[in-house]
Structure formats: structure tokens, C-alpha cells
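*Asks:* Shown below is the structure under consideration.
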């Protein structure tokens, strides 16, 4: 269902990327639209995968809007963030390399399984992307909530939005020079230049962390900060070196070396129902020198 929704959205959005379009170019002809959808559903392509992901983005936006008592300005901000995310996902998701970049960010699988992704058929890739849906949702939720927090700190009403349009675009926070994973560089984070949002993990936290370390250890640059929700005491400094991967110290992020990374447990960022209306101050938690939970 998500891929059909995504196909429809992509078809309509293509018209709004035209330069100085006239009404006739924006208008969607029903017969033409039905023909496009029929043919697209018959043959799966990489654009089908992109459309599937875009459909998830729109579905998640609807879930958040319907499950939270957001103010008008919060709804407007989130709507803009969602629209920009759809554009970005449609672009990055239409190539095998872009799909790999996304999966290498939020999959919980080991190196070998993700490494074989590029050589898989379109049907196989679509199936694997669908299997990783939950990781994609967590990635979206944390990225959007962090962006929403940043935007709310600088924008007080809709009339101020136009002065800060770049802040509502995920690409504003993505380091495009890094192609192995979605590398984030939040300007508001004064201590870290390369960070990554990782999936939510259940009981097997250390096992999944080991798999991610095995993937990230060969990245260039390796992420210095992991936004990694967990219920175990693993926040703070960790190491990419396997022999010390479970060693946990409590320095500030300023003490990180080349082969270490900092885990933010994300307890300070609410993404559950009724939490999206709450504005968190990222500068005093996930962007601070030390995880706020370590002080407790």
C-alpha cells in the first residue's frame, strides 16, 4: 500500500518541480494518472522503492498529526518538514546507492547482509527495504523531532518561516560528501560534526551495537556521535576497536578520539504519542558536552 501511495505522491509532486509552471501543467488528468499508476504497479523499478519509502513518510506524518495535540505553527512546521523529506527520499531512494546509504544507516543487520544489497534484484531489494521499515520510521521520527525542536527555537509564527526555509529541509543537516550512510551535521551541535541516527533496539542491545560497530568502523568519516535509543547504561564514550567496544567511560564529547564515539540515549527526545507537542531544548541535552542522563 505504501508504494502505491508513494507513486501517486511522486507523480503529483513532479509537476511542482517545474520552473514557472502554468495551471495546465499542474493539473492532473485522471485518465493519464490512472494509466501511469496501472503501468507503474505492473513493473517494479528502483523508483517503486523510492515511492514505497515516500509513502511511509506520508503515512508517518499522518500518524503524528492524528496522535498529538499540535499547535497550528507546529503542524505547519511539520508539514513543511514532511514535504521536504518526501522530495529528498524520492531523490535518494531512486538509485541503488541511495537505498544502500539509507539501509546502512538504520538497518540492524551485519556487514555481509547489507553488502550484498546492491547485487539483489529489484523485487529482493524492495522486500528488504520493507523488512527494515521499523528502522526507517525511528530514523524519521528522531530526525523530524530534532528538526522541529531546532525550528521552534528560531521561528515563533508562520510569518517568520520564510526567513528560515532551509531549516525545514533534511538536506540542510545532511553531509552530502558522505555517501556510505546518512551523515548528519547539526549546526546547533557545537562539538560534533558527524553524527548518525540509529534504529531502536530491543533486548539484544549489545549484539546490535556490535554489528553497527562492524559496519561503521570502515566508514570515512566514522560518526562521532550515535543517536541510539537504548534502555541500558551504555551512554557516553564507546570505542570502534572491537576489544574495547563494551568499555564505557563518562567524559565529555570534547574528549573523543579518532576511534571512539559518543552514544546519546535519546531519553530526552520524545517521539511517542502526545510527546510531539513538547519542545525540547536540544542544546541542553543531545547537543550538550555531556549526556544529561549522566548527571543523574
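*Asks:* Could you check how many residues of segment 195-222 are over 13 Å from the mean Cα position of the chain (by Cα) and at pLDDT 95 or above? Quick ask: steps written out before the conclusion?
*Replies:* First, the residues of segment 195-222 that are over 13 Å from the mean Cα position of the chain (by Cα): 201-222.
Right, trim to at pLDDT 95 or above and you get none.
Summing the residues that are over 13 Å from the mean Cα position of the chain (by Cα) and at pLDDT 95 or above in segment 195-222 gives 0.
*Asks:* Okay, next question. Condition test on residue 258, is it surrounded by fewer than 16 Cβ atoms within 10 Å (Cβ to Cβ), modelled with pLDDT under 90, out of contact with any helix residue (DSSP H, G or I) (no Cβ under 8 Å at 6 or more places or on another chain) and part of a helix (DSSP H, G or I)? Even if it seems obvious, please write down each step before you answer.
*Replies:* Details: surrounded by fewer than 16 Cβ atoms within 10 Å (Cβ to Cβ): yes; modelled with pLDDT under 90: yes; out of contact with any helix residue (DSSP H, G or I) (no Cβ under 8 Å at 6 or more places or on another chain): yes; part of a helix (DSSP H, G or I): no.
Spelling it out, it is not the case that residue 258 is surrounded by fewer than 16 Cβ atoms within 10 Å (Cβ to Cβ), modelled with pLDDT under 90, out of contact with any helix residue (DSSP H, G or I) (no Cβ under 8 Å at 6 or more places or on another chain) and part of a helix (DSSP H, G or I).
*Asks:* Additional query: Tell me, which helices (runs of 4 or more DSSP H) lie completely within segment 75-169 with 2 or more residues that are surrounded by fewer than 21 Cβ atoms within 10 Å (Cβ to Cβ) and under 19 Å from the mean Cα position of the chain (by Cα)? Full working, then the answer.
*Replies:* Numbers: elements: 96-106, 111-115, 122-131, 133-154.
Output list reads 96-106, 122-131, 133-154.
*Asks:* Looking at (1) assigned to a loop (DSSP other than H, G, I, E, B); (2) within 22 Å of the chain's Cα centre (by Cα); (3) at pLDDT below 95, which is the only condition residue 226 fails?
*Replies:* Unmet for residue 226, out of (1) assigned to a loop (DSSP other than H, G, I, E, B); (2) within 22 Å of the chain's Cα centre (by Cα); (3) at pLDDT below 95: (1).
*Asks:* Still on this structure: May I ask you to list the residues in segment 172-205 that are free of Cβ contacts under 8 Å to residues at least 60 places away in the same chain, surrounded by fewer than 20 Cβ atoms within 10 Å (Cβ to Cβ) and in a loop (DSSP other than H, G, I, E, B)?
*Replies:* Selection gives 175, 176, 177, 178, 185, 187, 193, 194, 202, 203, 204.
*Asks:* Return only the number of the condition from (1) more than 25 Å from residue 212 (Cα to Cα); (2) in a helix (DSSP H, G or I) that residue 70 does not satisfy.
*Replies:* Only one criterion is unmet by residue 70, namely (2).
*Asks:* Which one of 56, 89 is touching a residue at least 40 places away in the same chain (Cβ under 8 Å), in contact with a helix residue (DSSP H, G or I) (Cβ under 8 Å, 6 or more places away or on another chain) and under 25 Å from residue 266 (Cβ atoms)?
*Replies:* 56
The values are calculated or read from the model by the stated rules, or taken from the named source; none is laboratory data. Given the structure is predicted, the values throughout are model-derived calculations rather than measurements. Note: ideal-geometry Cβ built from the backbone for every residue, glycine included; neighbour counts use all protein chains shown.
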